[in-house]
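Working notes, beginning with the structure itself.
The values are calculated or read from the model by the stated rules, or taken from the named source; none is laboratory data. The shown structure was predicted, so the numbers you read here are calculated from the model rather than taken from an experiment. Counting neighbours? That spans all protein chains shown, and the Cβs are built from the backbone with ideal geometry, glycine included. The area values use the complete protein model at the heavy-atom level, side chains included, leaving out ligands, DNA and RNA. Shrake-Rupley method; radii C 1.70, N 1.55, O 1.52, S 1.80 Å.
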Amino acid sequence: MEQDAQTIQQTTTILPYFDYEVPLLSLGNSSGYIPVVALCRMLGLNPRTHIPRWRRLFLWEHARKLPLRTETRGTRIVWCLHLGALFFWCSCFNWSLVSPERQVQLRQATDAGLKHLEQAHQEMLARYRQMRHLLFRFLTNYADAQTQLQQVAARMHSRLDAASFAALDALLAQGCTLIEEATVHARAMLQDQASIPIMDVVTIDAEGNATEVGTQPLFPVILEEACEQFFAQIDRLTHWYCHLAMFLTEHYFSRQEDHDGKEE
């Protein structure tokens, strides 16, 4: 706690839709937290009654106890909710316990939160589909890559001296290794995606009739680390192709041009 206190910055913020100023505790990693007692005070809720209930919900997974400085009571340790949990917090109590004005604000905040969630889900879904397309395209394009590289080596064998062919053989072996590593990783990513629950998507007309239009993953999540690793492998593979092209230009195409010139 002493270490946290050294990196916590306390300011204030105005909560949108509620027009209410609350303390904001910012950690060194830029994560923002709001004291639950301040949220309860805003709505007129009793924190001693509600906090024990909320602690049993998923809402509390990222909650933390942090030091809050106040003018009247000094510094005390209080439960704080992550800013990203405020939308879920709005649905964790009976709205009839708050004033009609606050109920309207809760509805506005909830509607806006649902809109943002839908937008975020659509962005995640688009990224998920794009990544699946890239992975399948890579696996399709490189399905016979090692066989094709072996054919390249066979065609070049009679056209190169022993030293040049050994250099080509090492270069092709490096390419096979890079392709194999990227292929294994791409397949693992697709297998991870296959474990994501799938939901049916339907449209409902004015009469209430539902028509199934397709399916999509319930949680279209792709780990950022996995994507970065795949793109890093593609980058290394691209550099390898450049080296292979330079080798072929130097040891094959230039000699082919010299040979054609001599025949003329």
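Annotation: residue 219 fulfils all but one of (1) open to solvent by 50 Å² or more (accessible area, probe 1.4 Å); (2) more than 22 Å from the chain's Cα centre (by Cα); the unmet one is (2).
For residue 247, the conditions (1) open to solvent by 40 Å² or more (accessible area, probe 1.4 Å); (2) among the hydrophobic types (A, V, I, L, M, F, W, C); (3) at pLDDT 80 or above all hold with the exception of (1). Return yes or no: is residue 121 under 30 Å from residue 219 (Cα atoms) and either modelled with pLDDT under 90 or not acidic (Asp, Glu) (or both)? Yes. With respect to residue 117, determine if the residue is in contact (Cβ under 8 Å) with a residue 40 or more places away in the chain, closer than 22 Å to residue 196 by Cα and either out of contact with any helix residue (DSSP H, G or I) (no Cβ under 8 Å at 6 or more places or on another chain) or not in a loop (DSSP other than H, G, I, E, B) (or both). Here the answer is no, as residue 117 does not meet what is asked.
Annotation: residue 37 fulfils all but one of (1) under 27 Å from residue 115 (Cβ atoms); (2) of a type in the set (A, V, I, L, M, F, W, C); (3) in a helix (DSSP H, G or I); (4) touching a Pro at 6+ places or on another chain (Cβ under 6 Å); the unmet one is (1). Taking interchain pairs and intrachain pairs at least six residues apart, which have beta carbon atoms under 9 angstrom, with the first residue in the stretch 142-161 and small (Gly, Ala, Ser) and the second open to solvent by less than 70 Å² (accessible area, probe 1.4 Å)? Once the first residue is small (Gly, Ala, Ser) and sits in the stretch 142-161, its partners that are open to solvent by less than 70 Å² (accessible area, probe 1.4 Å) give 143/183; 145/175; 145/176; 145/179; 145/183; 153/165; 153/168; 153/172. Per the conditions (1) acidic (Asp, Glu); (2) surrounded by fewer than 10 Cβ atoms within 10 Å (Cβ to Cβ); (3) in contact with a strand residue (DSSP E or B) (Cβ under 6 Å, 6 or more places away or on another chain), the sole criterion not satisfied by residue 224 is (3).
Could you tell me whether the stretch 83-106 includes any residue that is within 30 Å of residue 224 (Cα to Cα), surrounded by 11 or more Cβ atoms within 10 Å (Cβ to Cβ), in contact (Cβ under 8 Å) with a residue 60 or more places away in the chain and in contact with a Leu (Cβ under 7 Å, 6 or more places away or on another chain)? No, the stretch 83-106 contains no residue that is within 30 Å of residue 224 (Cα to Cα), surrounded by 11 or more Cβ atoms within 10 Å (Cβ to Cβ), in contact (Cβ under 8 Å) with a residue 60 or more places away in the chain and in contact with a Leu (Cβ under 7 Å, 6 or more places away or on another chain).
Within the stretch 49-88, being within 24 Å of residue 108 (Cβ to Cβ), in contact with a helix residue (DSSP H, G or I) (Cβ under 8 Å, 6 or more places away or on another chain) and not in a helix (DSSP H, G or I) holds for 80, 81.
Output the residue which, of all residues in the stretch 130-178 that are of a type in the set (S, T, N, Q) and touching a helix residue (DSSP H, G or I) at 6+ places or on another chain (Cβ under 9 Å), is most open to solvent (accessible area, probe 1.4 Å).
150
List the number of the failed condition for residue 33; all other conditions in (1) within 26 Å of residue 111 (Cβ to Cβ); (2) open to solvent by 80 Å² or more (accessible area, probe 1.4 Å) hold. Residue 33 satisfies all of (1) within 26 Å of residue 111 (Cβ to Cβ); (2) open to solvent by 80 Å² or more (accessible area, probe 1.4 Å) except (2).
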